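Step one of this worksheet: look at the structure below.
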Amino acid sequence: MLHSTASTPPAGRRLTAVVVITLALIVQVSMANRLPLPGSVAPDLVLLTVVALALVNGPLLGLVTGFCAGLTADIVPPADHTIGRYALVYCLVGYICGLFTDEMDRSPVTPFIGVAAGALAGTLLYVGVGMMLDDPRAGLPVASRLVPLMVLYDVLASPFVVWAVLRLTRRLEGERGHDRYDPATARFRAMARERM
C-alpha cells in the first residue's frame with residue numbers, strides 16, 4: 001500500500017508535500033470546518049495529512065511539513081489561538097510519525113492505525129499546549145468533553161485522508177503500479193536512512 005519515496009528526488013517530495021498540504025488546508029477551511037457535526041468540532045484534515053505524509057516520507061519531511069502546515073494553519077482565518085501552537089504540535093507529530101515509516105509496509109491496515117494514533121497524539125498535544133498557555137477552551141472540563149469527539153472524527157476521516165494522500169502522492173510523483181516489495185526500493189530506502 002505505502003511506497004518508498006527514497007528514490008524520488010527531494011525537490012519532488014517537497015513539492016508534492018506542498019501541494020497536498022495546500023489542498024488539505026483549503027478543504028479544511030472551506031468544507032470541514034463548516035460541517036454541522038455534534039460538539040461543534042470538525043476532523044483535523046491537516047493533521048491527518050501531515051501524519052500520512054510523515055508515514056510515507058520519513059521523519060525529516062514529516063518535521064518540516066508539520067511545521068510549515070502548522071504555521072499556515074495558525075495564521076489562516078478563522079485562527080483564534082496563539083500563533084505557533086499548531087506549528088509546534090504538527091512539527092512534533094510529523095517527526096514522531098515519520099520515525100515509523102519502515103513499519104508501514106507490514107500490513108495494509110497499519111497505515112490507518114498509524115494515522116489514527118498520530119491524530120490522537122496530535123489532539124492530546126494540542127490540548128496540552130493549550131492548557132499550558134491558559135487557553136480557556138483547553139480547560140479540563142471542555143477538553144474532557146471535546147477531545148473524544150475530535151479523536152473520533154479524526155479516526156473516521158483517516159481512511160479517506162490516507163487514501164487521498166497516497167493517491168495524490170503517487171499521481172504527482174508519477175509512480176503508478178509501484179511494487180512495495182521491490183528489492184531496489186528497499187535498497188534505496190536503506191541508503192536514504194544512512195544519509196540522514
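The values are calculated or read from the model by the stated rules, or taken from the named source; none is laboratory data. The model shown is predicted, which means the values in this text are computed figures rather than measured ones. Cβ placement follows ideal geometry from the backbone for every residue including glycine, while neighbour counts extend to all protein chains displayed. Protein only, heavy atoms only, side chains kept; ligands, DNA and RNA dropped before computing areas. Shrake-Rupley method; radii C 1.70, N 1.55, O 1.52, S 1.80 Å.
A full extension of the chain between S40 and R14 corresponds to an added length of 6.0 nm, given 0.36 nm per residue minus the alpha carbon distance. Considering only alpha-carbon pairs that sit under 8 angstrom and 6 or more positions apart, the relative contact order computed for segment 21-88 is 24 percent. When only alpha carbons are used to place a centre, segment 12-42 and segment 56-133 end up 13 Å from one another.
Quick one: with all protein chains in place, what share of the accessible area of segment 71-163 is carbon or sulfur, to the nearest percent (1.4 Å probe)?
In segment 71-163, the share of accessible area belonging to carbon and sulfur is 77 percent.
Local charge sum around Y90 (other residues, Cβ-Cβ under 11 Å, Lys/Arg +1, Asp/Glu -1)? Net local charge, Y90 excluded: -1. Multiplying the residue separation of A79 and R171 by 0.36 nm and removing their Cα-Cα distance gives an extension gain of 30.0 nm. In terms of packing, defined here as the mean over residues of other Cβ atoms within 10 angstrom, the peptides 33-43, 61-71, 81-91 line up highest first as 61-71, 81-91, 33-43.
The slack between M131 and D102, meaning 0.36 nm per residue of separation minus the straight C-alpha distance, is 7.1 nm. Note on S30 and L60: the model spin-label points, each 7 Å out from Cα along the C-beta direction, lie 3.4 nm apart.
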